[in-house]
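Every read-out reported here was derived from the displayed coordinates using simple, explicitly stated rules and does not represent laboratory data. Treat the numbers as computed from the prediction; the structure is a model and nothing was measured. Heads up, the Cβs are rebuilt from the backbone with ideal geometry, glycines too, and the neighbour counts pull from every protein chain shown.
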There are 2 protein chains.
Amino acid sequence: MNTQTRLVEVRQKVLKQNDVVARALRQRFNDAGVRVISLVSSPGSGKTMFLERVLTLLAKRHRVAALVGDLATDNDAQRLARSGAPVRQIVTGTVCHLEAQMVQDALEGWDLDSLDYLFIENVGNLVCPASYDLGEAHRLVLFSVTEGEDKPLKYPTIFNTADVAVITKMDLAAAVGFDRAAAHANILAVRPGMQIFELSAKTGEGLEEWLQTIESPQPVSAG
Amino acid sequence: MNTQTRLVEVRQKVLKQNDVVARALRQRFNDAGVRVISLVSSPGSGKTMFLERVLTLLAKRHRVAALVGDLATDNDAQRLARSGAPVRQIVTGTVCHLEAQMVQDALEGWDLDSLDYLFIENVGNLVCPASYDLGEAHRLVLFSVTEGEDKPLKYPTIFNTADVAVITKMDLAAAVGFDRAAAHANILAVRPGMQIFELSAKTGEGLEEWLQTIESPQPVSAG
């Protein structure tokens, strides 16, 4: 058995262990009646600005909180805290994704019964987070108009593990010559029937439309 | 010994094995007199468009070729082949980075003596590629003005393992309110003295300036 084979085997054990923790988390979230939404995307696609706007808007009518993952710095937690919602930073060091155990540890001392919504912002990465269930009810994959319409084809797994696709930075669509039809076709080629939202956190365009689906009793899921 | 500890140990063995292959590659590149330049960045920062322009310009006066890594699709290889340079795609499946062995396999049948420059475009990822030496002489980390000026602080390791930073999509700087001073300060905070280039592959602005350093007998290195 060579090193590569062993690496895969040990990784599978870690993944299985993650699934056990994620399943327990999901049960806990359900029991507490908190809706948990996670966000994945490449670095710089606008996750944090999106979340900042969402927290600010939702905090007016619900009890919301957020966990945010990064390799280093607590910049994002500081930014998100301006929304008034409780926010905790998970620093992963050199790990390219969040794991269920990190989420469980970060929740210590928080009363989940006092929350309606919990957002989990993953590390900016279109590969690694795909393999790790965090116990969330709903996973969003974001990609910005500046990244190129081909991203779903090049990173199919992350689109397959997400429930909804959100195209961000629509205010820049004209400046970068964003090809809307190609972007939609590529998302649907990878995940037929996937629900797609287009918005700009900067201008607010499209935000309320997405919020409505999140606030509805039964959020639409392509799962 | 728990699973996590074993994972780290096995991963270290894989890394060591990678270093052995990378060292042999570097010697081969030196012997053949080919200058090897690798590119790392997040997805959508403009690596492929940058490389397309660079190959087209360099091919007029040198013998150039490229290897390009992606999880899926050979879109990038097809795009880059328009430059007229020989290009090979490395499809990594679910692996979030290139490894030295993948580079070695992809080079099979290529006569390195007939090349002046070889470019290696890594998988779009700001985390995993940092750990893998590919035998290159020079590593560029690219990030675009649309990604946010804080990326060096959030992904310090990848900036630390690179020789030069290239800020891309400068044509969009005004549209996104790019804070040039903050971006430079953040790069230099992570890697003091790092050489920084600013360019736009779309307009061509800044490209020749970078090419001059690559074509000089002794490229400037911050290493």
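For this structure, a couple of remarks:
- Here the 3J(HN,Hα) profile of the range B:44-56, calculated from phi with Karplus coefficients 6.51, -1.76 and 1.60 at θ = phi - 60°, is x, 8, x, 4, 6, 5, 4, 5, 4, 5, 5, 4, 4 Hz, Gly and Pro shown as x.
- Between B:Val145, B:Val87, B:Val95, the GNM of chain B built on Cα springs shorter than 10 angstrom shows B:Val95 fluctuating the most.
- Label spacing, shortest first and in nm, from A:Asn30 to its equivalents in the remaining copies (7 angstrom along Cα→Cβ): 6.0
- Per-residue 3J(HN,Hα) values for the range B:199-209, derived from phi via the Karplus relation 6.51 cos²θ - 1.76 cosθ + 1.60 with θ = phi - 60°, read 7, 10, 5, 5, 8, x, 3, x, 5, 5, 4 Hz in sequence order (x marks Gly and Pro).
- For the range A:1-97, projected area of the alpha-carbon convex hull averaged over all directions, nm²: 7.7
- Kirkwood hydrodynamic radius of the protein assembly as shown, from inverse mean 1/r over distinct Cα pairs, in Å: 22.6
- From the C-alpha gyration tensor of the range A:129-223, square roots of 5λ in Å: 21, 18, 11
- Using only side-chain charges placed at the Cβ, +1 for Lys and Arg and -1 for Asp and Glu, the dipole size of the range B:3-215 relative to its Cα centre rounds to 260 debye.
- The residue list B:Ala59, B:Gly177, B:Gln101 was ranked by how far each Cα lies along the charge dipole of chain B toward its positive end, using unit charges on Cβ atoms, and B:Gln101 comes out on top.
- Dimensions of the range B:91-160 along the principal axes, based on C-alpha atoms and rounded to the nearest Å, stand at 42, 28, 20, largest first.
- 7 Å along Cα→Cβ, label-point gaps from A:Glu209 to other copies, nm, shortest first: 4.0
- Taking θ as phi - 60° and the Karplus parameters 6.51, -1.76 and 1.60, the scalar couplings of the range A:118-135 work out to 10, 9, 10, 8, 6, 4, x, 5, 8, 10, 4, x, 4, 8, 10, 5, 10, x Hz in sequence order, x denoting glycine and proline.
- Mean partner shielding of peptide A:151-160, defined as the number of other chain Cβ atoms within 10 Å of each residue Cβ, is 4.
- Remark: mean inter-chain Cβ contacts per residue of A:92-102 equal 2, using a 10 Å Cβ-Cβ cutoff to other protein chain atoms.
- Ranking of B:Thr146, A:Thr203, A:Thr161 by count of other Cβ atoms within 10 Å, fewest first: A:Thr203, A:Thr161, B:Thr146
- Backbone amide hydrogens, once placed in the peptide plane, bring B:Ile167 within less than 5 Å of B:Phe143, B:Phe197, B:Glu198, B:Leu199, excluding anything fewer than 5 places away on its chain.
- Among B:Gly69, B:Gly46, B:Gly93: highest mean-square fluctuation, GNM of chain B, C-alpha pairs under 10 Å: B:Gly93
- Within a straight-line Cα-Cα reach of under 23 Å, A:Lys16 can be paired with the following lysines, leaving aside sequence neighbours fewer than 8 residues apart in one chain: B:Lys13.
- Proximal aspartates and glutamates to B:Lys151, defined as alpha-carbon separation beneath 13 angstrom and excluding residues fewer than eight positions away on the same chain: A:Asp70, A:Asp74, A:Asp76, B:Asp179
- Distance between modelled label sites at B:Ala182 and B:Gln27, nm, 7 Å Cα→Cβ extension: 4.8
- The range A:65-122: mean projected area of Cα convex hull, nm²: 3.9
- Divide the volume of the convex hull around the Cα atoms of the range B:3-215 by the residue count and you get 127 Å³ per residue.
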